[in-house]
Structure formats: structure tokens, C-alpha cells
């Protein structure tokens, strides 16, 4: 069986607060035609360089911080500082290297290998100036919007294909763990999971929420928000960065999920809300517009506080209309069932086949 190694420079794969970690684990767990493993770079030292996580083989590699500090930060030589990654690849000799970030390092990795694997380069975000490695055999993007962004910014001739994000293992587990709660009779709960980044629309959400009559609803803000809770209005709670199990549990217990993004490469939280049967308020910006519409969500205009406020009022009214809510949630579930991991991985492995031809 051919093998694929997912390479993740930014975190321990067990850091389940991150969307990239969710995607990598879902892809690796559902491999069929290929044996999937993961190489990741924890920000701090861990007790062992190999472990199994959710039945996936994981190899930890590390940056040589002394080399980085002297050669790069002092002398600005742009030296490669991940020798343990090269050693891991040479030991495993996978047929496919699947890079999920640090695209600027891909060519440096390939140049140091004694053999030439197939190279898939994955783009999860809209970077201002994306980098296309010379050694890439195929580029994978999480949406058509991201594909258009890459092509318009780089003009690359490398084959570029859309691979939508699969449903995560944690999501599938929590969806079947217990019946969904009914809406709260008093003080319904809005959930926002985008953190404090300008492009996520959290500031507009706070302003829109504060227009609601006092006591009408509650708002939970998850993610790296960076705002003092004391400076916010009554009814708003900052939850911080949550492990995925706790965040999905909070989503399951919420009444309405809000994703008022100004820019979105895909929209994993919207996908999760739709699968869990939570009413969704969202924009149709970027990748969101490829699976969210007014049949399955309340659509608002990005960056528009008035539109978001009206959307929140509409959502509160829908909580009292069982027929309307049921029709919308059934439509939402159908739209995201196509993101079942086995479907996405089957498509991914066909892309791998093309890299090896």
C-alpha cells in the first residue's frame, strides 16, 4: 500500500482547538487506498517523538532553535532549521508528502531528500501573498474561493484542485452522543467561535447584540478574543480558546451559531453548526458561499451591523417557529453530509494518484 505523510509545522496534532489539526486528523484517520501518517512540530518539547493519536501514527519533529537564532535571526541567512523532519522522512520514505503550511519551506525539504516523493501543497487560508513551491505536483485548496485567490495572486501553472474540509472525528462523535437539546425557553444562547480577528466579524456581532433589549439573549465568545470581560455588556461571556470537545459541546447546547465573517477560506464552524442542527447566521463570503445559502441559514451582509442585528432578531423569532426551524435544519444537514470524511479522502487519494503518475 502506498503511504502519505501529512506535514504540519505549526502545532502538536493533539492541539484540537485548531481547524487545521481537525482536518489533518480526519484525512489521516479515513485513509483507504493509502496509509496515512502525520509529522507535526509541537511548540514545546514532548516526552516522545512517536505516538499514536486516534489510531494515527504521529511523528514529532523539532526546530533547531540555536541554529535558527544564530543563522537566521542574527545573520539573516534563511537557513533550513528542521533537520529532524528530514531524518523522519528518510526513515519512513513515504510516497506522498502532503504539506499543510509553511509553503516557503517545501522546496528546502525536497532538496534535502535522497529520493523524490510526490508533493501535495495544501492552502487552508487566504494569505496576502501565497507561495507556490517549485516542487509542488499539485496544489489543494479548501474552496473555490481559495483556489481563485491562489491563482490570481500567483499566476501559477501548477495543477490546483479544490478539496473541501471533511467533517471532523470529534464532530461525528458528539453528533451521535446524545439527543440535541431543545431551544432555551428564556435567554437563548448565541455562540461565536471566531475570536477577535477583524475578518471574523466579532466586533460587529458585539455591537449588534448590544442593540437587543437587555435580557433577551446571551452571547458566548470563543477563541482568542483579547478583550477584558468587564468592558463588555451584560449577557456576553468570553470563553477563550477551548478544546474541540468542549467547544462542540457548547455548540450543541447553544441555540444559534453566528459566523458573520468578512473573509473566509472555508468556514469550518458553519459546517459544524449545520451538521449539529444548530440554526446558523452567516455571511456568504468566500468559501462560506459555496455551501451556505438562505435555505439553510439566515444570511447577513459582511461588516453590516444593521443586517446582523436584523438577522439575530429573525433567528430569535425562528426559535419559536418549529416548522420553519425544522425545514432549515434539515436542509442544512443535507448540504454538509457531502463532506463526510470517506468522500473527501477518496477524492484526496485520487489526487495522490495523479502526483505519482
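What follows draws every value from the coordinates through simple rules; no lab data is involved. If you're wondering where the values come from, they're calculated on a predicted model, not measured in any experiment. Cβ coordinates were reconstructed from backbone atoms using ideal geometry, including for glycine residues, and neighbour counts include every protein chain displayed.
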Which value in nm describes the separation of the simple spin-label points at residue 313 and residue 52, placed 7 Å from the Cα toward the beta carbon? 5.7
If r is the Cβ-Cβ distance from residue 128 to residue 35 and R0 is 41 Å, what FRET efficiency results, to the nearest 0.05? 0.70
Rounded to the nearest 0.05, FRET efficiency between residue 184 and residue 322 (Cβ-Cβ, R0 22 Å) equals 0.90
So, in nm, how far is label residue 346 from label residue 262 when the simple model puts each one 7 Å beyond its Cα toward the Cβ? 4.1
Roughly what % of DSSP beta bridges within the chain run antiparallel, to the nearest 5? 10
Plugging the Cβ-Cβ distance of residue 234 and residue 338 into 1/(1 + (r/R0)^6) at R0 = 51 Å yields, to the nearest 0.05, a FRET efficiency of 0.80
Among 344, 24, 174: highest mean-square fluctuation, GNM of the chain, C-alpha pairs under 10 Å: 174
In whole angstrom, the spacing between the Cα centers of the stretch 282-328 and the stretch 112-180 equals 27
If the chain between residue 90 and residue 198 were fully stretched, how many nm would it gain, using 0.36 nm times the residue separation less the Cα-Cα distance? 34.7 nm
Once fully extended, how much extra length lies between residue 102 and residue 246, figured as 0.36 nm per residue of separation less the alpha-carbon to alpha-carbon distance? 49.0 nm
